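Data block below; observations after.
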Amino acid sequence: MNYLAHLHLGGDAPAQLLGSLYGDFVKGPLAGQWPADIEAAIRLHRRIDVFTDSHPLQAQALARFAIERRRYSGILLDVFFDHCLALNWADYAAEPLPRFTGRVYQVLADEPRLPERLARIAPRMAAQDWLGSYREFAVLEQVVAGIDRRLSRPGLLAGGAAELEQLYQPLLEDFRQFYPQLQDFVARERGLVG
């Protein structure tokens, strides 16, 4: 899962939203450097990643990619699943996507102590509405190209957006089967269901 899914699943409180994002920017053991509620959200982010990475539907989706891209197909799938969530937001959330993303951007703007790399990208994230822009498939090409430039060996994701386009329908179906199961897992983890 990528930014939007983690934010959607992590909880509505500002600390939960922050921790849902921090999970991608804070590595290693949590030793009290962040408030307890933020660290709890970081831990949930990590459990979501473990659940997702070990789920059979995730393996099924990853197996759809060409063998030469399979090592990095998880990156492509994370981005695509955020696209599916943004595009079908009303199926999974009561709050309209623009209101949700606006709230996230405000929480980020109000937080003076973001992790360094997140502090650098948060203003661009808000100004360019990264989270809401995932609705548009054309944006994925830009996102994939940006990720590719940051890899240790750029070029490994070349053609990735085109492959996502070819696999669109089966991957969308994989998402539709998987995301409700992920929501149920998170509800259990957060103690929202018995």
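Derivation of every value follows stated rules applied to the coordinates shown; laboratory data play no part. Treat the numbers as computed from the prediction; the structure is a model and nothing was measured. Note: ideal-geometry Cβ built from the backbone for every residue, glycine included; neighbour counts use all protein chains shown.
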Report summary line: On the formula 1/(1 + (r/R0)^6), with r taken between the Cβ atoms of residue 150 and residue 67 and R0 of 25 Å, the FRET efficiency rounded to 0.05 is 0.60
**Report entry** Most to least packed among 9-15, 162-168, 107-113, 26-32 [average Cβ atoms within 10 Å]
**Finding:** 9-15, 162-168, 107-113, 26-32
Query raised in the report: Give me the Kirkwood hydrodynamic radius of region 73-125 in Å, from all C-alpha pairs, to one decimal place?
Result: 12.8 Å
Query raised in the report: Can you give the calculated 222 nm mean residue ellipticity of the chain, where each DSSP H run of n ≥ 4 adds -39,500 (n - 2.57) and the sum is split over every residue, rounded to the nearest 500 deg cm²/dmol?
Result: -20500 deg cm²/dmol
Query raised in the report: From the square roots a ≥ b ≥ c of the eigenvalues of the alpha-carbon gyration tensor of region 96-194, which class results: rounded (a/c under 1.5), prolate (a/b over b/c), or oblate?
Result: oblate
**Report entry** Highest to lowest packing among 183-189, 148-154, scored as the average C-beta count within 10 Å
**Finding:** 183-189, 148-154
Query raised in the report: Of (i) 53, 36, 26; (ii) 43, 34, 33; (iii) 43, 40, 34, which one was derived for Cα extents along the principal axes in Å from the structure shown?
Result: (iii)
